[in-house]
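Below is one structure, written out as structure tokens, with a few remarks after it.
The values are calculated or read from the model by the stated rules, or taken from the named source; none is laboratory data. Everything numeric here is computed off the predicted structure, so don't read it as measured data. Here the Cβ positions follow ideal geometry from the backbone for every residue, glycine too, while neighbour counts run over all protein chains shown. Please note that ligands, DNA and RNA were not included when accessible areas were found on the heavy atoms of the full protein model with its side chains. Shrake-Rupley method; radii C 1.70, N 1.55, O 1.52, S 1.80 Å.
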Amino acid sequence: KEVTQSERKDSPITWEQLGIDALFIDESQYFKNLHFQTKMHNVAGLNNSDSQRSTDTLMKVQYTLKTGGRVVFSTGTPICNSIAELYTLQRYLDAEYLEETKLTHFDAWIGQFAVPVTAPEINVDGKYKVKTRFAEFHNLPELMTAYRRFADFPTVKIEAQQPDIEIVQVGALPTDDQVEFTAGLVARSEMIANKVVKPEEDNMLVITGDGRKLSIDPRL
């Protein structure tokens, strides 16, 4: 019998056929960019990107939990940028609580625990820009109670005698080279804002790094 091209291919194995009953995900902060529906826009720290890796992980976590399996997230930074990341953790590990409390939608969830505040902030180029962030919080005891339903905080008590020190802040005027370089940072940030340069050519992360190096030692 002649074997056709389709018969030569191996049959794919689905996730359900693997028989996995436990997931252990280390450095789980890499899976926090999980997309959700919201009416809020231009809120700093609210990363609502559509990460395929996070979406794929959510489906695998949901299937594992619904079939009686276990899921463990391990991280040293459960919250990196915004309180909204707690909502993502609950979607992963305690979706039943969100359904029971009618907080499955992000806008309903954030309305219970935080309020967006608009205020001027200083940028890396030394200029002020108005930004909106979740800066006012309420019902935090209830939020922490919900968080502790699935989260554990192992702590290590450090028994060491700390020396008595006095912190003295000493102000120093910038040098001419530092002033000139800072002006260059401002010009670069304006070019980025006006989309004159491509992200791979220059971006705000690089400018921030250059500014930190300048504050330590211009030779960096």
### Summary
Pairs returned, first residue in the stretch 108-124 that is among the hydroxyl-bearing types (S, T, Y), second residue that is surrounded by fewer than 11 Cβ atoms within 10 Å (Cβ to Cβ), beta-carbon separation under 7 angstrom, 6 or more apart or interchain, are T118/V130
#### Entry: Matching residues in the stretch 174-200 - criterion: being more than 23 Å from R212 (Cα to Cα) and among the β-branched types (V, I, T)
V196
### Considering residues of the stretch 24-71 that are in contact with a helix residue (DSSP H, G or I) (Cβ under 6 Å, 6 or more places away or on another chain) and of a type in the set (S, T, Y) only, the residue surrounded by the most Cβ atoms within 10 Å (Cβ to Cβ)
T57
## Note on the structure
Among P218, P163, P141, P154, the single one that is without any contact (Cβ under 8 Å) to a residue 12 or more places away in the chain and either over 30 Å from D94 (Cα atoms) or touching a Phe, Trp or Tyr at 6+ places or on another chain (Cβ under 6 Å) (or both) is P163
### Query
Given the residues W109, W15, which is the only one that is crowded, with 16+ Cβ neighbours inside 10 Å, aromatic (F, W, Y) and either under 30 Å from P154 (Cβ atoms) or at pLDDT 85 or above (or both)?
W109
### Task
Return a yes/no flag: does the stretch 179-198 have any residue that is surrounded by 11 or more Cβ atoms within 10 Å (Cβ to Cβ), among the acidic types (D, E) and over 27 Å from the mean Cα position of the chain (by Cα).
yes
### Task
Go through the stretch 76-91 and give me each residue that's open to solvent by less than 50 Å² (accessible area, probe 1.4 Å) and over 23 Å from K39 (Cβ atoms).
P78
### Query
Is it the case that the stretch 152-173 has a residue that's of a type in the set (G, A, S) and either open to solvent by 80 Å² or more (accessible area, probe 1.4 Å) or under 26 Å from R212 (Cβ atoms) (or both)?
yes
